Every structure is written in structure tokens, then in C-alpha cells.
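Each remark here refers to the structure printed beneath this line.
The values are calculated or read from the model by the stated rules, or taken from the named source; none is laboratory data. No experiment lies behind these values; they were computed from the predicted model shown. Note that we place each Cβ from the backbone using ideal geometry, even for glycine, and neighbour counts take in every protein chain shown. Keep in mind that these areas ignore ligands, DNA and RNA; they rest on the heavy atoms of the full protein, side chains included. Shrake-Rupley method; radii C 1.70, N 1.55, O 1.52, S 1.80 Å.
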Amino acid sequence: MRRSSRRPADYVKELPPVPPARFGGHSMLQQEYERVRATQPMPPLDVTRYRLDAPPQHKANDYSAWLAASSNAHAQLEHQLNRITNLELLLKYGANAWRAQVAFDEGLLRQSELTLQGLRKSIDQLNRERKLQQQAAGAELRGLEDQYYSALRKNLEISAACQSIEEEVDLLQAKIGRIEKQQQQQEQKAGEQQPEGGGSGDAAAAEAAADGTAEQQQQEQQPSEEQPAEQQQEQPAEQQQDDKEQ
């Protein structure tokens, strides 16, 4: 893991300066901000007002001390009266208020459950639609894949057939070239022999032509050699039918 070369104090150098605090004339906020900025502890809470203490001995005859103690006693008495009033109100109306709050909360719960059920139904419907769409798309993709592979097989078959045809064409062209070469040689021989004897040259040319026509007839008769055998098989059947009719 790459470690940074900067120290924690260096990260704030690239940041803009902090704008001055604006408290809008609130002295208490300003004092608290200065205390936090100076990292001073928070002053402890004043709990003297929660106690009902008499003036000290050296202020036993002081009117102001007894007035402050009396004011504190009245404040605590009012506080206790307020607590008693709140407890009485709680005993009288608290159960009904809690029942109303519980009923309200139950209504919110039922509404939330109905909303949740609706959302789950919509989610399930959406998932079913997506599943159906994916299944249909899968079937279409499989069909297209089958078409692709069938077309690929056909292309391979066509290419193989074209290759075999090209080989046959090459063989036929080579054979035609040999035949033409033989004919040219025979014509040259016939032309050389013609001055010596005209009749013998014509005979050689005739023999070469006869040989060529004989080879061509043999090639044409090869695919039809099976026909006489089939005709021979058909003839006995015809003869049997004639014998039955007689």
C-alpha cells in the first residue's frame, strides 16, 4: 500500500482559510466558541437551585440572603407542583393518549405493510415479465443459433462440392490438353508422312479420329452399362405376365 509523504498537519495547507465566525451579536455563542477554541473545559452545572439550603451562619441576620432562600424555596415548590400536575394529567389522560398513539402507530404499520405488499407484488410481476422476456429471447437466440450452424454446415457442404467440382474441372482440362496434344502430334506425323505417301497419311489420320471417337463412345457408354441388366430383369416379368394372360 502506498503511503503519503505528507504529515497530518500538511493536509490543511491546500485548503482555503476558514471564514470568520458570525454569531449575529449573540454573546453566549461567542463566549462558547472562544472556550472551545481555547480547549477549555465546560463549566460544571449549577445545582444550587435544586437544593433548599438556609443562609449560612454569618448571614443569619441578612435580609437579602433570606429573600434569596425564600425565592429558591418558592421556585422548587412550583417545580414540585408542576411535577404533581403532570403526574395527575398522566394518570388521567396518559392511558388514552398512549392508546391513541398506539392506534396511530398501528395504522401507520398497516399502511406500511400494504405499501410493502404492493411493492412486492410489483417486483414479482416485473420479475415474471423479465423471466418471460428472457425465455422468449433465449428461444429466439437458440433458433438463430440453429440457423447459423445449419447455414455454416451448408456453406461447408457447398465449399466441399465446389472443391470437388474444381478438381473434376482440372482433371477434365488436363485430359483435354493431353487429347489436344496427342491430336497435334498425330497431325504433325500425318503432315510429315503426307509427302511420302498420301494414302498412308489419310489412313493414319482416320485411325486417330476413329480412336478418339471410340474413347468418347466408351465414356458415354459407361454410365449406361447398367441399363441392359435392368431391361433383362424387366423382360422376364413381362414374359410371365404374357404367359398368365395366355
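With no solvent and one equal point scatterer placed on each C-alpha of region 123-176, evaluate the Debye formula and give log10 I(q)/I(0) for q = 0.25 Å⁻¹, two decimals. Evaluating at q = 0.25 Å⁻¹ gives log10 I(q)/I(0) of -0.89. If you take the alpha carbon atoms of region 60-207 and fit the smallest convex hull around them, that volume is 247 Å³ per residue. Electrostatic tally near Asp105: other residues with Cβ closer than 15 Å to its Cβ, Lys and Arg +1, Asp and Glu -1, net 0.
Using the Cβ-Cβ distance between Leu171 and Leu144 with R0 set to 41 Å, the FRET efficiency works out to roughly 0.50. Within a straight-line Cα-Cα reach of under 24 Å, Lys121 can be paired with the following lysines, leaving aside sequence neighbours fewer than 8 residues apart in one chain: Lys131. Within the accessible area of region 50-143, the carbon and sulfur atoms contribute 60%, probe 1.4 Å, all protein chains present.
Solvent-accessible surface of region 126-176, averaged per residue with a 1.4 angstrom probe and all protein chains in place: 91 square angstrom.
Taking a quarter of the surface of the Cα convex hull of region 107-151 gives a mean projected area of 2.6 nm².
How big is the Rg/Rh ratio for region 19-83, C-alpha atoms only, Rh by Kirkwood, two decimals? All intermediate terms of the calculation are to be shown ahead of the outcome.
Values: Rg = 18.5 Å, Rh = 15.3 Å.
Reported Rg/Rh (Cα atoms, Kirkwood Rh): 1.20.
One equal scatterer on each Cα of region 1-117, no solvent, Debye formula: the resulting log10 I(q)/I(0) at q = 0.09, 0.14 Å⁻¹ is -0.78, -0.93.
Per residue, how much space in cubic angstrom lies within the convex hull of the C-alpha atoms of region 9-49?
Working: hull volume 3.8 nm³, N = 41.
Hull volume normalised by residue count: 93 Å³.
Segment Gln117..Gln193, full-extension length gain: 16.2 nm, with 0.36 nm per residue of separation and the alpha-carbon distance subtracted.
Set the Förster distance to 51 Å, then compute FRET efficiency between Leu87 and Leu132 from the Cβ-Cβ distance, nearest 0.05. Kindly include the intermediate steps, with their values, before the conclusion.
Values: r = 64 Å, r/R0 = 1.26.
Calculated value: 0.20.
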